[in-house]
Amino acid sequence: MLRLRPKSKEVRKVEIPADLRDAMQEVFRLIKEEKRDPDVVLNFDDAIQIGPLCGGRVGTERRPYQFTYYLNRNGGQWRLALHRCDIEDIADGRLTEMTMYCCKTPNCGYMSNLNEGGCKCDYVRNPDFGHFVFPEAREKLAQRGITTVSETSTKQDVLAALGPPDLSGGGTDGIPVWVKYHRDDCQVHFEFKKSRQISMVTIMEKDWEPGK
């Protein structure tokens, strides 16, 4: 499991590239066209896809248009939150540079005009959460006070030790049998082999949700 630990960013003025300006000209055309054409809808995070630019009108009232600008070099990205007036100024050439918060990691290439969120470099692996197999899983379970479950334990052994699970499933269409417990300190997910013994243990933060 990854945890967000934002690193300080370098703040500097960055020139607006020509292909970004060209894309913003098309974005501004779409914004104006939307007022006349009900089939033009921009209220999705990927409603606007123009060359290296992807985004839509999904942000706050102050800066409702949010975009990811994909650089060709080094696989870098810009995250941009803009007002309609910003888009017009970029498109018309009145705005030629922006103040950007830039990742300091060499070859990352991440920049944003907002000092929030983060790039891939801001995420670190938390050693206490993730997918574990035995014998490492035994240590991780013991840290959570679960000491009676081992690599030889079956689903029935787990239920006898921990009680009825909060969620369970699998066993059909090739999906392994599994059970899951929501605890005060974490979530614990057990997956079982066809031989009925535990194959893997997953420990997640207590507020973890799919896609979070």
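State all residues of region 33-92 that are acidic (Asp, Glu) and within 19 Å of the chain's Cα centre (by Cα); if no residue qualifies, say none. Quick ask: steps written out before the conclusion?
Going residue by residue through region 33-92, those that are acidic (Asp, Glu) are 33-34, 37, 39, 45-46, 61, 86, 88-89, 92.
Residues satisfying the conditions are ASP45, ASP46.
Yes/no matrix, rows are residues, columns are (1) more than 30 Å from LEU4 (Cβ to Cβ); (2) outside the structural domain of GLY117 (by TED's automatic domain parsing); (3) of a type in the set (A, V, I, L, M, F, W, C):
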{"residue": "THR154", "(1), (2), (3)": "yes, yes, no"}
{"residue": "TYR181", "(1), (2), (3)": "no, yes, no"}
{"residue": "GLN187", "(1), (2), (3)": "no, yes, no"}
{"residue": "LYS193", "(1), (2), (3)": "yes, yes, no"}
{"residue": "GLN197", "(1), (2), (3)": "yes, yes, no"}
{"residue": "MET200", "(1), (2), (3)": "no, yes, yes"}
> Mind checking which pairs have a first residue in region 184-199 that is farther than 17 Å from ASP166 by Cβ and a second that is among the β-branched types (Val, Ile, Thr) and part of a strand (DSSP E or B), Cβ under 7 Å, 6 or more apart or different chains?
Replying inline: ARG196/THR154; GLN197/THR154
> Give me the pairs: first residue in region 1-21 and among the hydroxyl-bearing types (Ser, Thr, Tyr), second residue surrounded by fewer than 13 Cβ atoms within 10 Å (Cβ to Cβ), beta-carbon distance under 9 Å, and six or more apart or on different chains, which are they?
Replying inline: SER8/LYS104
> Which of the residues that make up region 158-179 are within 18 Å of PHE134 (Cα to Cα), modelled with pLDDT of 95 or more and surrounded by fewer than 17 Cβ atoms within 10 Å (Cβ to Cβ)?
Replying inline: ALA161
>> Give all pairs with beta carbons closer than 7 Å in which a residue from region 144-170 that is among the acidic types (Asp, Glu) meets a residue that is not in a loop (DSSP other than H, G, I, E, B); count only pairs at least 6 apart in sequence or on separate chains.
In response: GLU151/GLN197; GLU151/ILE198; ASP166/LYS180; ASP166/TYR181; ASP166/HIS182
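The values are calculated or read from the model by the stated rules, or taken from the named source; none is laboratory data. Predicted model only: the values in this text are computed from it and were never measured. Note that each Cβ is placed from the backbone with ideal geometry, even for glycine, and that neighbours are counted across all protein chains shown.
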